[in-house]
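Only one structure is covered here, and it is reproduced in the block below.
The values are calculated or read from the model by the stated rules, or taken from the named source; none is laboratory data. Just so we're clear, the structure is a prediction, and the values are computed from it rather than from any experiment. Backbone-built Cβ (ideal geometry, glycine too); neighbour counts: all protein chains shown.
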Amino acid sequence: MKDSVLAKIIRRTDTVVLELEVFILHFIGCVPSHFFRRFFYRLGGVKIGRGSALHMGTIFYNPRNISIGRDSVIGERAVLDGRDILEIGNHVDLASEVMIYNAQHDMESPTFAAKKAPVRIEDYVFIGPRVIILPGVTIGKGAIVGAGAVVTKDVEPFAIVGGVPAKVISERENKDLHYKLGRAAWFR
């Protein structure tokens, strides 16, 4: 009995500490300096590659499980869910207000329990504004996700998808990708 009470106390304390950390990172996301935000996001556990930028207003659910590769750009007010593994590759461009979730409720569970699954976004992917990506999805290298799409299943490399739920519209012809995204705006 003591073990279960102690375990509950430890779990609850860990949860409160994480909630406080996420709350602080929310305020840090309002500071108009990439250098400042990146420094504190890294302190919070986000792995951020060289040359990557996270614009203002980024929301984290658990920063410790999030990794962002080199030369990637995360747009304003993006939601990055780290309750399970979230891997964002190199040279990835996430537009404003993209929401990436890797946990959701099991609608068939009698307790409405949480289900988690990792999300992986491979190199040279572009994700348009207000896209929602759900748990367990992998977006293949060079894929493009059109604005407002809801991605419920894996996206093949170089596919262009859109809609709700996202479906293949076309395929990217250029498969020899080696561009850099460029410098992020200073005060965004």
Output the residue which, of all residues in region 151-164 that are in contact with a strand residue (DSSP E or B) (Cβ under 6 Å, 6 or more places away or on another chain) and crowded, with 16+ Cβ neighbours inside 10 Å, is farthest from Glu122 (Cα to Cα). Gly162
Could you say whether any residue in region 125-133 is touching a His at 6+ places or on another chain (Cβ under 8 Å), modelled with pLDDT of 95 or more, buried (at least 16 other Cβ atoms within 10 Å of the Cβ) and of a type outside the set (Ser, Thr, Tyr)? no
Any chance region 113-122 includes a residue that's modelled with pLDDT of 90 or more, farther than 27 Å from Gly162 by Cα, charged (D, E, K, R) and crowded, with 16+ Cβ neighbours inside 10 Å? no
Count of region 165-180 residues which are modelled with pLDDT of 95 or more, more than 16 Å from Arg120 (Cβ to Cβ) and among the hydrophobic types (A, V, I, L, M, F, W, C): 2
Here is a list: Val46, Val73. Which entry is under 26 Å from Phe158 (Cβ atoms) and among the hydrophobic types (A, V, I, L, M, F, W, C)? Val73
Being touching a residue at least 40 places away in the same chain (Cβ under 8 Å), under 11 Å from the mean Cα position of the chain (by Cα) and buried (at least 16 other Cβ atoms within 10 Å of the Cβ) narrows Asp84, Asp93 down to just Asp84
Can you name every residue in region 53-70 that is surrounded by 19 or more Cβ atoms within 10 Å (Cβ to Cβ), at pLDDT 95 or above and under 18 Å from Tyr124 (Cβ atoms)? Ile68, Gly69
Identity of the residue in region 97-112, at pLDDT 95 or above and surrounded by fewer than 22 Cβ atoms within 10 Å (Cβ to Cβ), that ends up farthest from Gly182 (Cα to Cα): Tyr101
Output the residues belonging to region 120-144 that are without any contact (Cβ under 8 Å) to a residue 40 or more places away in the chain and either part of a strand (DSSP E or B) or of a type in the set (D, E, K, R) (or both). Arg120, Ile121, Glu122, Phe126, Ile127, Arg130, Ile132, Ile133, Thr138, Ile139, Ile144
Which pairs have Cβ atoms under 6 Å, sit 6 or more apart or on different chains, and link a residue in region 21-37 that is touching a residue at least 24 places away in the same chain (Cβ under 8 Å) to one that is of a type in the set (Gly, Ala, Ser) and part of a loop (DSSP other than H, G, I, E, B)? Glu21/Gly44; Leu25/Gly44; Gly29/Gly57; His34/Ala184
